[in-house]
Amino acid sequence: MRAAISLLVLLLSTCGVQSYVTDTSTQDVSTELKELRDMVVDLRATLRHTRDDVKVLEAENVAVKERLVASETKVQILDKALQDNKAEMKTEVDNLKMKNAAQEAELIAVKTRLEASEAEVMNLKKENAAQEAELTAVKTRLAATETGVENVKKEIGAAPKVAFSAALRDFQEGFTDSVSNDMNLAFKRVITNVGEAYNSTTGFFTAPVRGVYYFRFTVMDRLSAHWMGIKMFKKGVRLMQLVEYDTDGKASYLSSGLTLQLEKGDVVNMVLPKGYRLFDSWNNHCTFSGFLLFPL
Ligand SMILES: *[C@@H]1O[C@H](CO)[C@@H](O)[C@H](O)[C@H]1NC(C)=O
């Protein structure tokens, strides 16, 4: 402001004012002065305005400075926050990295365990397959065995059960005489007769199935200068005849047996030859037995 006034005075003194004083009349000078005064007034007004403007500008400047300071403070705060944030983030990133590394290690461990488990599963599968194969083989053998057992059962089941034994006299001690004809012997005292193939009324055995049978007999007499004999017949045909002669009056035995192949319905019986006799008592000296060996 002071600088502007000094400049104005200097300007007036150097050129304009001195010329007016020297070159014009008094009236003119007063007019000039008046004009000058007006000019100065104008200038003063202008100066005032300018001063006001400067004040405004200064106030604005102060406000701007304040805002700048505020902004700088804000920037500092933000910068600090940013730094803090950065540090925080770095810590967080470090933590995450560590976590990640730990998780990777864990993952590797889990993978290793998984691989081990898979290997174990594979082994178990192999073992299982082997066991299944073995089981199948055992099953096959079992089935074959079962079939065999079934067949044996069928054979056994199909084979009739045939076995008998009978003694000659039914608890009555005494002689059996043929006198004048060959005499069919009925062994009356049944001891065993499974299958009822032996008829104690007739003394005939009748084959219930085609097969191989075994028959045996024992007979006794008390001989005193006497013959004893016995015959076995199949279907009315004589198969064997045994004889004995003795003189001491004590027991003599005849005993033998035959394996016979019979058709179903074939008969077997024992015959006392004409003129011979036998002795029996509760001791069962005379017996006739037979059984089926196997069917054909
Ligand atoms: C034994 O034979 C007699 C005479 O032929 C007959 O009457 C009887 O029924 C037969 N017994 C059996 C069990 O077949």
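The values are calculated or read from the model by the stated rules, or taken from the named source; none is laboratory data. None of the values given here were measured: they were computed from a predicted structure. Every residue, glycine among them, receives a Cβ derived from its backbone with ideal geometry; neighbour counts consider all protein chains shown.
Give segment 242-255 a look and list any residue that's loosely packed, with under 14 Cβ neighbours inside 10 Å and either modelled with pLDDT of 90 or more or among the hydrophobic types (A, V, I, L, M, F, W, C) (or both), or say none.
If we filter segment 242-255 for residues that are loosely packed, with under 14 Cβ neighbours inside 10 Å, which is where we start, we get 243, 245, 247-251, 253, 255.
Within segment 242-255, VAL243, ALA251, TYR253, SER255 meet the criteria.
Scanning segment 169-197 for residues that are in a strand (DSSP E or B) and either without any contact (Cβ under 8 Å) to a residue 24 or more places away in the chain or farther than 14 Å from PHE279 by Cβ (or both) returns MET183, ASN184, ARG189, VAL190, ILE191, THR192, ASN193, VAL194. Here PRO160 meets the list (1) modelled with pLDDT of 95 or more; (2) within 16 Å of the ligand (Cβ to nearest atom) almost entirely, failing just condition (1).
Somewhere in segment 221-231, is a residue modelled with pLDDT of 95 or more and under 21 Å from ALA167 (Cα atoms)?
Going residue by residue through segment 221-231, those that are modelled with pLDDT of 95 or more are 230-231.
Okay, now just the ones that are also under 21 Å from ALA167 (Cα atoms), so 230-231.
Within segment 221-231, one or more residues are modelled with pLDDT of 95 or more and under 21 Å from ALA167 (Cα atoms).
With respect to being touching a strand residue (DSSP E or B) at 6+ places or on another chain (Cβ under 7 Å), within 16 Å of the ligand (Cβ to nearest atom) and closer than 24 Å to MET232 by Cα, ASP170 fits the description. In this structure, LEU262 does satisfy being farther than 17 Å from ASP182 by Cα and not small (Gly, Ala, Ser). From the list GLY148, GLY211, the lone residue that is under 60 Å from the mean Cα position of the chain (by Cα), under 23 Å from LYS231 (Cα atoms) and more than 16 Å from the ligand (Cβ to nearest atom) is GLY211. Looking at LYS264, is it within 16 Å of the ligand (Cβ to nearest atom) and among the basic types (Lys, Arg)? Against the criterion (within 16 Å of the ligand (Cβ to nearest atom) and among the basic types (Lys, Arg)), LYS264 qualifies. Residues in segment 283-296 that are of a type outside the set (S, T, N, Q) and under 15 Å from PHE175 (Cβ atoms): HIS285, CYS286.
Considering only residues in segment 190-204 that are over 15 Å from VAL268 (Cα atoms) and either of a type in the set (Val, Ile, Thr) or in contact with a helix residue (DSSP H, G or I) (Cβ under 6 Å, 6 or more places away or on another chain) (or both), the one that is nearest to the ligand (Cβ to nearest atom) turns out to be VAL190. So if I check each of GLU106, GLU120, GLU150, which one is of a type in the set (Asp, Glu) and within 30 Å of PHE294 (Cβ to Cβ)? Every option except GLU150 fails the conditions.
The condition (being more than 16 Å from the ligand (Cβ to nearest atom), among the polar types (S, T, N, Q) and at pLDDT below 90) is satisfied by just one residue among ASN128, ASN181: ASN181.
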